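The values are calculated or read from the model by the stated rules, or taken from the named source; none is laboratory data. This is a predicted model, so every value here is computed, not measured. FYI the Cβ positions are ideal-geometry reconstructions off the backbone, even for glycines, and counts take in every protein chain you see.
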Amino acid sequence: MLTNLSKTARGLAFAAAAIVVGASGAAIAQAKVAVITPYMAQPGTQAYVEAFQAVAKEKGWDVNVVDTAGDVAAVISRIEDVVNQGVDAIVINVDPTQVAAGLQTAKDANIPVVGMDAGSDPLLATNVTSDGVAMAETTAGFVVDRIGGEGNVVMFVFDAFPPVQVRGAKADEIFAANAGITVLDRITPDVSDGGIADSRAKMDAVLAANPEPGSIKAVWAAWDQPALGALQAIEAAGRQGEGIVITGIDANPQAREEVAKGGNFEATVAQDFAGIGAAAAEAVAGLLAGNAPADAVTFVPTKLVTKENAAQ
């Protein structure tokens, strides 16, 4: 009788252990992950998130995408919300230094946070992004070559977001190193509606203030939306024939289409948005399995897009 009871007890213990292991495996497979961003109006962010969701779906995760519609400060309270909801991991697409209070809440709750084209920070497990310095070197160098190192350049920047800020800083450096180039204006557009409309309005004002043909040689934009807005302003003013060179970064579909035409919008840089989203998902998967990312920054390759390869 005692032997049978011992066997029964052992059997129950093994069954309980199996249930615990099974529950643990299910918790990972059915992980709750929050993706929080103020920039869903941007095509690049939309592409990151879609790629992340595709991988997450394959892994059986429950993903909650939170868009604060341009409100960076609101990201902090949204992080706190999902921490209270007991998510297993968080992904952000925003400057981590601006939402440090929320990130600290996640850290205190032992919830890992991955940056998806965000910025490096000790409170992030890793930041998956493109090499902003390299992209700016490519496009600013393109501008310098095309205008022969001389003339006025209009810049569109966004220093509030680290991945874009580093692009502007590198372009500043490159233009400053060419004595014949003058940065006529350094514009930060309103991005709440995506950035095209406000960039066009601000470029309209620059064109009006500089009406002489040849007074503007190029427009360097840290991403495609301002480049597209500047192009619309130049065309509306009838100044496309002046050969004003425009460059952007992202190679979103609308930008590719314009570059392919061989007009003023001459070059952009293709980021692998799907690759960034997928790599961010794999970083989360590793963290859920107890494996920390090897590096604080994970770079995904980019390439220059011009008329010759825009249709590819």
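Scanning the range 238-245 turns up no residue that is in contact with a Lys or Arg (Cβ under 7 Å, 6 or more places away or on another chain), farther than 18 Å from residue 151 by Cβ, touching a residue at least 60 places away in the same chain (Cβ under 8 Å) and outside any helix (DSSP H, G or I). Residues of the range 31-55 that are assigned to a helix (DSSP H, G or I), more than 24 Å from residue 189 (Cβ to Cβ) and in contact with a helix residue (DSSP H, G or I) (Cβ under 6 Å, 6 or more places away or on another chain): 51, 52, 55. Among the residues of the range 128-142, is there at least one that is crowded, with 20+ Cβ neighbours inside 10 Å and farther than 21 Å from residue 226 by Cα? There is at least one residue in the range 128-142 that is crowded, with 20+ Cβ neighbours inside 10 Å and farther than 21 Å from residue 226 by Cα.
Set side by side, the residues 233, 280, 292 differ, and just one is in a loop (DSSP other than H, G, I, E, B), among the hydrophobic types (A, V, I, L, M, F, W, C) and either in contact with a helix residue (DSSP H, G or I) (Cβ under 8 Å, 6 or more places away or on another chain) or surrounded by 20 or more Cβ atoms within 10 Å (Cβ to Cβ) (or both), which is 292. Just one of (1) of a type outside the set (Ser, Thr, Tyr); (2) farther than 19 Å from residue 191 by Cβ; (3) touching a residue at least 60 places away in the same chain (Cβ under 8 Å); (4) buried (at least 18 other Cβ atoms within 10 Å of the Cβ) fails for residue 256. It is (3).
The numbered conditions (1) out of contact with any helix residue (DSSP H, G or I) (no Cβ under 8 Å at 6 or more places or on another chain); (2) at pLDDT 95 or above are all true for residue 161 except (2). Residues in the range 106-127 that are part of a helix (DSSP H, G or I) and surrounded by fewer than 21 Cβ atoms within 10 Å (Cβ to Cβ): 2 in all.
Here residue 272 meets each of (1) modelled with pLDDT under 95; (2) touching a helix residue (DSSP H, G or I) at 6+ places or on another chain (Cβ under 8 Å) with one exception, condition (2). Criterion applied to 286, 263, 290 was being within 20 Å of residue 243 (Cβ to Cβ), out of contact with any His (no Cβ under 8 Å at 6 or more places or on another chain) and not aliphatic (A, V, I, L, M), and the one residue passing it is 263.
Taken residue by residue, the range 99-119 has at least one member that is under 19 Å from the mean Cα position of the chain (by Cα) and on the phi > 0 side of the Ramachandran plot.
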